[in-house]
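Before any comments, here is the structure.
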Amino acid sequence: MSFPIWKCAFSKLLRILVFGLAAAISSPAQTFTTLVIFNGSNGSSPELRPVQGVDGNLYGVTSFGVSQGSFYRMTPEGVLTTLHNFCVQITCLDGALPLSGLIQDVAGNLYGTTTTGGANKGGTVFKITIQGELTTLYTFCSQIACADGSNPNGLLLATDGNFYGTTMIDGANGVYGVGTIFKMTPQGVLTTLYSFCSQPNCADGYDSNASSGTLTEGLDGNFYGTTDVGGSNAGICLSVGCGTAYKITPQGKFTTLYTFCSKANCPDGIFPYWLMRGADGSFYGATGEGGSNQLTGGTIFRLTATGALTTLYSFCAEANCADGQEPVYLVQGAGGANFYGATLSGGSSSICPGGCGTLFEITSKGTLTSLHSFDRADGSSVNGLTQATNGTFYGTTYRGGGYTDGTVFSLATGLPPFVETLPQFGKVGSRIVILGTDLTGATSVSFHGTAATFSVISSSEIRAVVPQGATTGAVVVTTPGGALSSNVVFRVK
C-alpha cells in the first residue's frame with residue numbers, strides 16, 4: 001500500500017506518531033529558544049500549541065507521560081509545572097489522551113477534550129482552572145450505539161456562548177459512523193448537529209481527526225471546517241477520498257464547499273488541516289500532501305465563504321524540500337499581517353530522514369520565507385504556533401528534544417506586543433477580559449475609539465465593560481510604555 005493511501009486509511013493523527021526527530025537552524029533575524037524538553041516524567045508528546053492564560057503564563061496538554069496525558073503551566077521563560085495527570089481516576093473517568101488544544105473563557109477557565117476515557121470510554125469534554133481543578137462536562141458514547149459520536153476533537157467557543165466541535169468516529173450512521181458535529185452548552189448539554197457519511201459514498205467527507213477537526217466561526221455566524229478524507233473526488237486516494245471543506249449553520253444545515261484533489265495530480269492539495277479565519281474574512285489552511293511540486297509536499301490555501309479556493313504556495317519548491325514538507329496549522333500575526341506556520345518534515349537539516357520540519361512566514365499573496373529548520377536536538381514534528389501578547393510565538397514539537405518526548409519553544413520575529421480580548425465579541429454593557437504584557441499603570445481603554453471603564457487586575461489582565469456607542473473595531477489600551485492594539489478586531493454584537 002502506498003504511503004498516501006496509508007494516510008487515507010489510518011488518519012493523520014497516527015501518522016504523526018511515527019515521524020522522525022528534528023533540528024534547529026535559525027535565520028540571523030530570528031531568535032529561536034528551546035524552553036522545555038519533555039522527558040516522560042514531566043510529560044511526553046505535547047499536543048498542539050499552548051494558550052496564554054489570564055495570569056500571563058502558557059497552558060497546554062501532553063498526550064503521554066507518567067499517565068495518559070497531562071495538563072501543564074509554563075512561564076514565558078520556560079519554567080514548567082504539571083497541574084493535572086489524566087487517567088488518575090479509576091477506569092480513567094477524567095479522560096485520557098488529550099490530543100487537541102485548549103480554549104479559554106472570560107473567567108479564565110480552560111476547556112479541552114480527551115480522545116478516550118470517561119465513563120463510556122468515548123472521550124470527554126472538560127473544564128479546568130489554571131490551578132488544575134478539573135470538571136468533566138460531557139462523556140461521549142452516552143447515547144445508544146454512540147449516536148453522539150466518540151473521540152472528540154478541539155472546541156470552538158462561538159459568539160452565541162455555546163461550544164461547537166467534532167468527533168472522529170461514531171454517530172448516527174451505524175457501522176459507517178465516522179464522526180459528528182455537535183453543539184454543547186457551558187453546562188454540558190450536548191446536541192448532535194450532523195453525522196458524517198450522511199451522503200452516498202461519503203461525499204460529505206469524514207475522519208475529522210485532531211488535525212482537521214476544529215471548527216472556525218465565520219463573520220456570517222456559520223461554522224467552517226475540513227474533513228481529513230472523504231469527498232466526491234477519489235483522485236489518488238482511490239475510494240477513500242482526499243478531504244473536503246464545509247460550512248454548517250448553528251441549526252445544523254450542512255454544505256460541502258470544496259472537495260480536494262479537484263484536478264489531475266491534485267495541485268490543490270489533499271488531506272486538509274483545520275481552517276482559520278483571516279483578518280480579511282476569508283479562511284486559510286494547509287493540506288498535508290499534494291500541490292504542484294511533489295505529491296507529499298502539501299499546500300497553503302485561501303478559501304472564501306462561498307467555496308472559492310486559491311492555492312497560495314506548494315511546498316517542496318526548493319531542492320530536497322528545504323522549504324519544508326507537510327505544513328500544519330497557520331496563525332496570523334497581530335494586526336492582520338502575515339501568517340506563520342510549521343511543517344512536520346522537510347527543511348535544511350539532513351539529520352532526520354526526509355527532513356525535520358520548519359517554521360515559516362507567508363504573505364497573503366503566497367510569498368514564503370523559511371524562519372527555522374529543526375533537528376532532533378530542538379524537537380521535531382511541530383504542532384503549530386500561538387502568538388503571545390509579548391509578540392513572541394510559542395509552539396510545541398511532538399518528538400525530539402533529547403528524550404524523543406518533544407519540546408516547547410519560542411520564536412521571536414521582531415513583532416511588537418499587543419492585547420487580546422476574551423471573548424473577541426460582546427454586547428454593549430458586557431464585561432470582557434483583556435490579556436496583555438506590562439499592563440500595570442494603564443491609563444485608558446477604548447473600543448474602536450470609544451472610551452471604556454476598566455480595572456487593572458494585574459500586569460497581564462484588565463477587565464473592561466463594552467461602552468455605549470462602541471462599534472466593531474480594534475481595542476486599544478494605553479500604557480506607560482505606549483498604546484497596545486488588539487490582535488483582532490472586537491466584534492460588537
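Values in this text are rule-based calculations from the coordinates and carry no lab data. Keep in mind that what you see is a predicted model, and the values were worked out from it rather than measured. So basically every Cβ, Gly included, is an ideal-geometry build from the backbone, and we count neighbours across all protein chains shown.
Summary table
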item	result
Contact order normalised by residue count of the chain, Cα under 8 Å, 6+ apart, percent	13
Cβ-Cβ FRET estimate between GLN251 and LYS365, R0 fixed at 41 Å, reported to 0.05	0.65
In region 272-368, trypsin sites (Lys or Arg not before Pro) in a DSSP loop with at most 15 other beta-carbon atoms within 10 Å	LYS365
Per-residue [θ]222 nm for the chain (sum of -39500 (n - 2.57) over DSSP H runs n ≥ 4, rounded to 500)	-500 deg cm²/dmol
Alpha-carbon centroids, region 43-94 and region 460-493: separation in whole Å	30
Cross-link partners of LYS427 among aspartates and glutamates (Cα-Cα below 15 Å; sequence separation of 8 or more within a chain)	ASP160
Point-charge dipole on Cβ atoms (K/R +1, D/E -1) for region 3-412, about Cα centre, debye to 20	320
Kirkwood-type radius of region 371-493, with distances r between different C-alpha atoms, in Å	15.8
FRET E, pair THR185, GLN131, Förster distance 22 Å, beta-carbon r, rounded to 0.05	0.40
Cα-Cα over 32 Å, subset of LYS121/LYS263; LYS183/LYS365; LYS263/LYS365	LYS121/LYS263; LYS183/LYS365
Within-14-Å neighbourhood charge of THR310 [Cβ basis; K, R +1; D, E -1]	+1
Distance histogram in 10 Å bins (all Cα pairs of region 420-492, percent per bin)	23, 62, 15
Descending semi-axes in Å of region 3-412, equivalent ellipsoid built from Cα gyration tensor	28, 27, 19
Listed residue (LEU435, SER67, TYR164) projecting farthest to the positive dipole end of the chain, Cβ model	TYR164
